[in-house]
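Here is the structure we will look at, set down as structure tokens.
Where a number appears in this text, it was derived from the coordinates with a stated rule and is not lab data. Since this is a predicted model, take the numbers as computed values, not measurements.
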């Protein structure tokens, strides 16, 4: 009888002990993507010769970046650098570029940059060229 009573007490203790569930696990962390970078490299007639800028009277490149929601932003870089980096928040954008003179007058037609997506913490390289027929 004592053996049965011991068995019953053990079973009851196990059964009651299994009724409580506790979890102290933290919720998963929220991942926040940082800004990304659009790198635009350009050429004039397929060349990065600074004399191409001088011959065309172009002093700088202007890039207009449009997020589709909100207002567009204009970024500027010296023509002779033939490259620039633009920090952008994650999102989908359209952009265009034009070479301008010292007065801000366009020296070329607008070159459209294919729509692109910045996912954050990434770097997107986009080459463009200003061919002879783009000059005004």
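With contacts taken as Cα pairs under 8 Å at a separation of at least 6 residues, region 36-134 carries a relative contact order of 39 percent. For region 34-136, the mean projected area of the C-alpha convex hull, equal to one quarter of the hull surface, is 6.1 nm². Which shape class applies to region 71-121: rounded if a/c is under 1.5, otherwise prolate when a/b exceeds b/c and oblate if not, where a ≥ b ≥ c are the square roots of the Cα gyration tensor eigenvalues? Prolate is the answer for region 71-121, as a/c is 1.5 or above and a/b outweighs b/c.
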